[in-house]
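Take a look at the structure below.
Every number here is computed from the coordinates shown, using simple stated rules; none is lab data. Quantities reported herein were computed from a predicted structural model and do not represent experimental measurements. No Cβ is skipped: glycine too gets one built from the backbone with ideal geometry, and neighbour counts run over all protein chains shown.
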Amino acid sequence: MTYRSGLAAAAALFLLGNGAALAQSLPDYMGPISGKTSSTPADVATKDMLALNTGMFELYGDAARIFQKNFLGKHPVILGLFSGAGGRLILYRPGQPPTEAPQVPIVYQLLKSVGHSTMALAEVVGPYVDNADDKSWRGSMAAYRSRMQSALDGLDKTPMQADWRDNNRAILQNNLAFMDECLAAGAIPFAKLEAFGKKQAPLLAKNVAWAAQTQVAHWMTVMADWKTQLGADWDKTYAASNTIYVARQNNVIFSVLAQFFGPDAINTRLMLIETISFTTTPQDMLESLTRIIADRSVGALFFGSYHLMDYELMGGDAREAIIAETRKRGMTTFLPPLVPFGSKQWPTLVTPGPGPASIADLK
């Protein structure tokens, strides 16, 4: 404790002690912050009981560090993390330093960068469509046009095969033409933006396909090599990949991992962990994975089910409560089917239905 924090603590004790008698003897300079506090027995009892839950998290944090050390000392772990460079794969082996796989070839990032630049134009002009009186977009577009021209000028020097380069040249040229039209006109009619989108769509679709092929081929090669290295230890290897809402369906890294772990490992040794941002740290992922495994032991201890705590513990009773409440209100209950603890189904949408489900389906 620092001198300053110690002084503050002493002052707090001073102010809370001895009640009204002490308050009467306080000097004037203590007046603005002094006062008599009061708590009912019910308030104190409630606070003491709630402190049990608060203290649980502190105790859990201490135990989790030991659990993680024990877990990593017995099991290889593969973390698949999202990144703008096509992801990161890290292999943890008992008694060895972590091994980080090589990055996806740089052409993956080049393809995505050109594709994203086109979509960024829609973001720049979106708020100003059919609004000729507002010219505040012009500075941002002019600056971005300069970057776009530089990218086009250097395209032939990038590590990209010829047919892919031709496609990206067309995308960049179309971007520049659209920007020049908007800047010259000083306005962004919706018809012009719509025509631009339709013109770029088939070119962008090719970039998406090539980027996916590059990413998948790379990670499949890495995983095949690691599985060979691990040998018999593969069957006790765990893996986890992170995702945010928009990337949870057809998650690339998780889907690649699933090809090597197989159906029986899904939700058992292979987990998809949802996060609130595209990127997260390996340590945060390890902590989340450790908590999942540790909670399973707790579920088995108290309820005899190793996978019970993979699910919301109150979910089953809440389900029955929802059914009862909706009936009381004359509502039709809308709930998913019950699935058993330890379900091996994909942790994403699995029910087929009508409508397009890929870019190819949109054509």
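About the Cα centre, and with charges only on the beta carbon of Lys, Arg (+1) and Asp, Glu (-1), how big is the dipole of the chain? Nearest 20 debye, please. Walk me through the intermediate numbers first.
On the way: 32 positive and 31 negative charges, 82 e Å.
With Lys and Arg at +1 and Asp and Glu at -1, about 400 debye.
What is the gain in length, in nm to one decimal, between Ala45 and Val246 on full extension, counting 0.36 nm per residue of separation less the C-alpha to C-alpha distance?
Working: separation 201, 0.36 × 201 = 72.36 nm, distance 4.44 nm.
Contour length minus Cα-Cα distance gives 67.9 nm.
For the chain, find the longest principal axis of its Cα atoms and tell me its angle to the long axis of helix 107-125, 0 to 90°, nearest 10.
Taking the Cα atoms of the chain, the angle to 107-125 is about 80 degrees.
Choose one answer from Arg248, Arg327, Arg319: the residue with the largest mean-square fluctuation in a GNM of the chain with alpha-carbon springs under 10 Å.
Maximum fluctuation in the GNM of the chain, among the listed residues, is at Arg327.
Pull up all non-local amide H partners of Met271: gap of 5 or more, or a different chain, and H-to-H distance under 5 Å with H placed in the peptide plane.
Ala239, Ala240, Ser241
Which residue, Leu203, Leu26, Leu230, has the most motion in a Gaussian network model of the chain that connects Cα atoms within less than 10 Å?
Leu26
Which value in deg cm²/dmol, rounded to the nearest 500, describes the helix-derived mean residue ellipticity at 222 nm for the chain, given -39,500 (n - 2.57) per DSSP H run of n ≥ 4 and division by the residue count? If you can, show how the numbers build up before the last one.
Numbers: 10 runs with 201 residues, N = 363.
The per-residue figure over the chain is -19000 deg cm²/dmol.
In a shell of Cβ-Cβ distance under 14 Å around Met271, excluding Met271 itself, what net charge do Lys and Arg (+1) and Asp and Glu (-1) give? Working shown, then result.
Numbers: positive: Arg248, Arg269, Arg291, Arg296, Lys344; negative: Asp264, Glu274, Asp284, Glu287, Asp295, Asp310.
It works out to a net charge of -1.
At a Förster radius of 25 Å, what calculated FRET efficiency corresponds to the Cβ-Cβ distance of Thr268 and His116, to the nearest 0.05? Each step should come with its number before you reach the end.
Details: r = 36 Å, r/R0 = 1.44.
About 0.10, to the nearest 0.05.
Which net charge results when you count Lys and Arg as +1 and Asp and Glu as -1 among the other residues whose beta-carbon is under 12 Å from that of Asp156? Intermediate results must be reported in sequence, preceding the final value.
Values: positive: Lys157, Arg165, Arg169; negative: Asp153, Asp166.
Around Asp156, the charge tally is +1.
With +1 assigned to the C-beta of every Lys and Arg and -1 to the C-beta of every Asp and Glu, and no other charges, what is the dipole magnitude of the stretch 107-212 about the Cα centre in debye, to the nearest 20?
Numbers: 12 positive and 11 negative charges, 54 e Å.
About 260 debye.
Expected output is a single nm value to one decimal: the length gained when fully extending between Thr279 and Ala162, i.e. 0.36 nm times separation in residues minus the C-alpha distance. What is it? Don't skip to the end; give the middle numbers.
Numbers: separation 117, 0.36 × 117 = 42.12 nm, distance 3.23 nm.
So the extension gain works out to 38.9 nm.
Treating the chain as a set of equal point scatterers at the Cα positions, no solvent, please give the Debye-formula log₁₀ I(q)/I(0) at q = 0.12, 0.13 Å⁻¹.
-1.05, -1.11
Relative contact order for the stretch 107-212 using alpha-carbon pairs under 8 Å, separation at least 6, rounded to a whole percent?
On the way: 85 pairs, mean separation 49.2, N = 106.
Worked out over the stretch 107-212, it gives 46 percent.
I'd like the orientation of helix 162-185 relative to the chain: the angle between its Cα long axis and the longest Cα principal axis, in ° from 0 to 90, rounded to 10.
Relative to the chain, helix 162-185 is tipped by roughly 80 degrees.
Just to confirm the number: angle between the C-alpha axis of helix 190-230 and the first principal axis of the chain, 0 to 90 degrees, nearest 10?
Long axis of 190-230 versus the principal axis of the chain: about 70 degrees.
Taking the number of other C-beta atoms within 10 Å as the exposure measure, put Glu287, Glu58 in order starting with the fewest.
Numbers: Glu287 16, Glu58 9.
Ordered by Cβ neighbours within 10 Å, fewest first: Glu58, Glu287.
Per 0.36 nm of contour for each residue apart, how much would the distance between Val208 and Ser255 grow if the chain were fully extended, relative to their Cα-Cα spacing? Could you put the intermediate results ahead of the total?
Values: separation 47, 0.36 × 47 = 16.92 nm, distance 1.68 nm.
Length difference between fully extended and current span is 15.2 nm.
Using a Förster distance of 25 angstrom, determine the FRET efficiency expected from the C-beta separation of Asp235 and Ser343, and round it to 0.05. Walk me through the numbers on the way to the answer.
Numbers: r = 20 Å, r/R0 = 0.82.
Rounded to the nearest 0.05, the efficiency is 0.75.
Would you calculate the separation in nanometres between label points at Ser136 and Asp317, each defined as 7 Å from the Cα along the Cα-to-beta-carbon direction?
So the label points at Ser136 and Asp317 sit 5.2 nm apart.
Quick check: pseudo-label points 7 Å beyond the Cα along Cα→Cβ at Thr326 and Ser38, how many nm apart are they?
4.8 nm
Who wins for biggest fluctuation among His307, His116, His75 in a Gaussian network model of the chain, springs between alpha carbons below 10 Å?
In the Gaussian network model the winner is His116.
Suppose we keep just the DSSP beta bridges with both residues in the chain; what percent of those would be antiparallel, to 5? Please report the intermediate quantities before stating the final value.
Details: 7 of 17 bridges.
Of the beta bridges lying entirely in the chain, close to 40 percent run antiparallel.
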